[in-house]
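The values are calculated or read from the model by the stated rules, or taken from the named source; none is laboratory data. Bear in mind the structure is a predicted one, so any value in this text is a computation, not a measurement. When we count neighbours, we look across all protein chains shown, and the Cβ atoms used for this are built from the backbone with ideal geometry, even at glycine. Protein only, heavy atoms only, side chains kept; ligands, DNA and RNA dropped before computing areas. Shrake-Rupley method; radii C 1.70, N 1.55, O 1.52, S 1.80 Å.
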Amino acid sequence: MKITIVGTGYVGLVTGTCLANSGNDVICLDVAADKIARLRQGQSPIYEPGLEELIQRNHKSGRLRFTTDKAEAYREATVIFICVGTPSDSHGYADLRYVLGAAVDVGQAIEAQPAREKEPPIVVVKSTVPVGTGAKVWAEIARHTAKPFRTASNPEFLKEGAAIADFTKPDRVVIGAQDEWTGNRLRELHEPFVRQGNPVYLMDIASAEMVKYSANAMLATKISFINEISRLCESFGADIDQVRRGMCADRRIGNQFLYPGLGYGGSCFPKDVLACVSMGKQSQTPTPLLAAVHEVNQNQREAFAAKILAHYQGKIRGCKLAVWGIAFKPGTDDVREAPSLSIMQRLLEAGAVIAAHDPVAHGTCRAVLGDKVSYHEDMYAPLAGAEGLIVCTDWDEFKHPDFPRMRGVMQQAVIFDGRNLYRPQAMEEYGFSYYSVGRKTVAV
Ligand SMILES: NC(=O)c1ccc[n+]([C@@H]2O[C@H](COP(=O)([O-])OP(=O)(O)OC[C@H]3O[C@@H](n4cnc5c(N)ncnc54)[C@H](O)[C@@H]3O)[C@@H](O)[C@H]2O)c1
């Protein structure tokens, strides 16, 4: 099929590349000229394992092209995927200006082309959007053309850091379609990715839109739930690791996505939970559970920063602190809503001096914090003379560090572990004071 991808962010770029790799003719459109220039040289503007190689291979074969030219992008499209951002506005509502802006472009492009009665173009919203957006997109396109077209919703469930595997071997594909023909065309497009029998669910557009929000809201709820329990564990001297094990052995509960830590971040969970709460307000359907999920999540990072401040008993001005991990999770350079940023900002306000290391997120962090923190390629470099280490992301390389070396170069042997990477007992043996989440604090 001839596919147009609108927006070459995490979702658009992975979608376009994987669809080109399965033999389609794909053109990716973005308004950001610098992104398109890099992509044309075979460089990925984002860090995503395996993506750059796949872009290069498919770009070279001619199946994957990049443009900023709308006329070129929409000219031959049989399926158009809208993959632009839907950030929260200042009240927590999903900001639809990019989605509806793309719909205007699509409507104008369809109007400029000869009518295709037999195979009208299908416009698919892949961005995460509130229920009812599909109807708005349809109306916006129809305002600009009287020629035939179809609309659909195909929410994306990929995880940054494992995006290619998630796209090419999805747990399920959800397609909300305006009619049977549209649903079947999109099912056909996904066939190469569900050869092992993973389900393709065809449904109406509103339900497909709701599936994505309910899935993200559920995952966020699990994280806030275990974090709330971890706070109770801390207050009563219980150990969250043991509690977790005992609780998760119940098959009705399971053990996925129930790890205590600094709370969720990234470009999806925070904004999608808020968007659900906003949908509730808009429709006068109270959503107290999801409002609490958000509140617990915000409190979790604040409580961790408070723990750090309390250790220094208010004497943090000029204190040199090392940070390991900035990205909101391992495997990505994305720092949107990363807990590390809130924690670092809080400590900077209090006068701390921060030296940080992340395997891939220095560039994205610098775009937010500038040079308020120093960045180090070597993970041990920030520890020289440091009065504490704060672990914010569970990258693999932080899991078995050289503790004697760390102790040797740090001015104060104290670790604040926001991801429970280490065993309290081992930390005691290595001579570190050790704070983690929902477990006993070690004071040496
Ligand atoms: N990032 C994820 O892990 C993930 C996973 C599932 C779903 N989603 C959803 O997918 C959507 C996109 O997320 P993302 O993280 O890929 O966003 P992103 O911000 O990384 O990328 C969006 C891109 O769209 C471009 N753009 C904006 N308006 C445009 C227009 N009119 N024409 C062409 N390009 C335009 C921007 O320049 C940008 O490059 C969001 O709704 C998000 O919630 C994201």
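Could you please let me know if Ala73 is closer than 30 Å to Ala146 by Cα and surrounded by 14 or more Cβ atoms within 10 Å (Cβ to Cβ)?
Here the answer is yes, as Ala73 does meet what is asked.
Please give the number of the condition Trp138 fails out of (1) of a type outside the set (Gly, Ala, Ser); (2) crowded, with 18+ Cβ neighbours inside 10 Å; (3) touching a helix residue (DSSP H, G or I) at 6+ places or on another chain (Cβ under 7 Å).
Condition not satisfied by Trp138: (3).
Any idea which of Val31, Val14 is within 15 Å of the ligand (Cβ to nearest atom), open to solvent by 10 Å² or more (accessible area, probe 1.4 Å) and modelled with pLDDT of 95 or more? Full working, then the answer.
Working: Val14 fails: open to solvent by 10 Å² or more (accessible area, probe 1.4 Å).
The match here is Val31.
Here are some residues: Asp25, Asp30, Asp69. Which one is in contact with a strand residue (DSSP E or B) (Cβ under 7 Å, 6 or more places away or on another chain) and either among the charged types (D, E, K, R) or closer than 22 Å to Gly266 by Cα (or both)?
Only one candidate qualifies: Asp25.
Kindly indicate whether any position in region 107-118 is in contact (Cβ under 8 Å) with a residue 60 or more places away in the chain, open to solvent by 70 Å² or more (accessible area, probe 1.4 Å), part of a loop (DSSP other than H, G, I, E, B) and more than 16 Å from the ligand (Cβ to nearest atom).
No, because not a single residue in region 107-118 is in contact (Cβ under 8 Å) with a residue 60 or more places away in the chain, open to solvent by 70 Å² or more (accessible area, probe 1.4 Å), part of a loop (DSSP other than H, G, I, E, B) and more than 16 Å from the ligand (Cβ to nearest atom).
Those residues that are assigned to a loop (DSSP other than H, G, I, E, B) and aromatic (Phe, Trp, Tyr), I need them from region 352-395; list them, please.
Of everything in region 352-395, those that are assigned to a loop (DSSP other than H, G, I, E, B) and aromatic (Phe, Trp, Tyr) turn out to be Tyr380, Trp395.
Is there any pair with a first residue in region 34-59 that is on the phi > 0 side of the Ramachandran plot and open to solvent by less than 30 Å² (accessible area, probe 1.4 Å) and a second that is aliphatic (A, V, I, L, M) and in a helix (DSSP H, G or I) whose Cβ atoms are under 9 Å apart and which are 6 or more apart or on different chains, and what are they?
The qualifying pairs are Gly42/Ile55.
Could you please let me know if Ser88 is more than 21 Å from Leu189 (Cα to Cα) and among the polar types (S, T, N, Q)?
Criteria met by Ser88.
Which residue out of Lys315, Lys307 is modelled with pLDDT of 95 or more and under 20 Å from Ser433 (Cα atoms)?
Unique residue meeting the criteria: Lys307.
Can you tell me which residue among Leu389, Leu369 is in the same structural domain as Ile223 (by TED's automatic domain parsing), at pLDDT 95 or above, buried (at least 20 other Cβ atoms within 10 Å of the Cβ) and within 32 Å of the chain's Cα centre (by Cα)?
Going through Leu389, Leu369 in turn, the sole match is Leu389.
Taking region 212-271 as the region of interest, how many residues are farther than 18 Å from Glu160 by Cα, open to solvent by 20 Å² or more (accessible area, probe 1.4 Å), part of a helix (DSSP H, G or I) and not hydrophobic (A, V, I, L, M, F, W, C)?
Residues flagged as farther than 18 Å from Glu160 by Cα, open to solvent by 20 Å² or more (accessible area, probe 1.4 Å), part of a helix (DSSP H, G or I) and not hydrophobic (A, V, I, L, M, F, W, C) within region 212-271 amount to 12.
Among the residues of region 206-227, are any at pLDDT 95 or above, over 25 Å from the mean Cα position of the chain (by Cα) and of a type in the set (A, V, I, L, M, F, W, C)?
no
Return the only residue of Glu302, Glu295 being among the charged types (D, E, K, R), free of Cβ contacts under 8 Å to residues at least 12 places away in the same chain and more than 16 Å from the ligand (Cβ to nearest atom).
Just one listed residue meets the conditions, Glu295.
Which of the residues that make up region 174-188 are modelled with pLDDT of 95 or more and either open to solvent by 10 Å² or more (accessible area, probe 1.4 Å) or in contact with a Pro (Cβ under 7 Å, 6 or more places away or on another chain) (or both)?
Listed by number, the residues that qualify are Val174, Ala177, Asp179, Glu180, Trp181, Asn184, Arg185, Arg187, Glu188.
With (1) open to solvent by less than 30 Å² (accessible area, probe 1.4 Å); (2) of a type outside the set (D, E, K, R); (3) under 15 Å from Tyr434 (Cα atoms); (4) part of a helix (DSSP H, G or I) as the list, and Pro404 as the residue in question, which single condition is left unmet?
Just one mismatch for Pro404, condition (1).
Hey, Gly62 hits all of (1) within 13 Å of the ligand (Cβ to nearest atom); (2) assigned to a loop (DSSP other than H, G, I, E, B) but one; which does it fall short on?
(1)
Would you pick out the residues in region 305-335 that are in a helix (DSSP H, G or I) and either outside the structural domain of Ala275 (by TED's automatic domain parsing) or open to solvent by 10 Å² or more (accessible area, probe 1.4 Å) (or both)?
Ala306, Lys307, Leu309, Ala310, His311
Condition check ((1) modelled with pLDDT under 95; (2) within 30 Å of Gly280 (Cβ to Cβ)) across all residues:
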residue	(1), (2)
Ile5	no, no
Ala20	no, no
Asn24	no, no
Leu39	no, no
Glu52	no, no
Asp69	no, no
Val84	no, yes
His91	yes, yes
Val99	no, yes
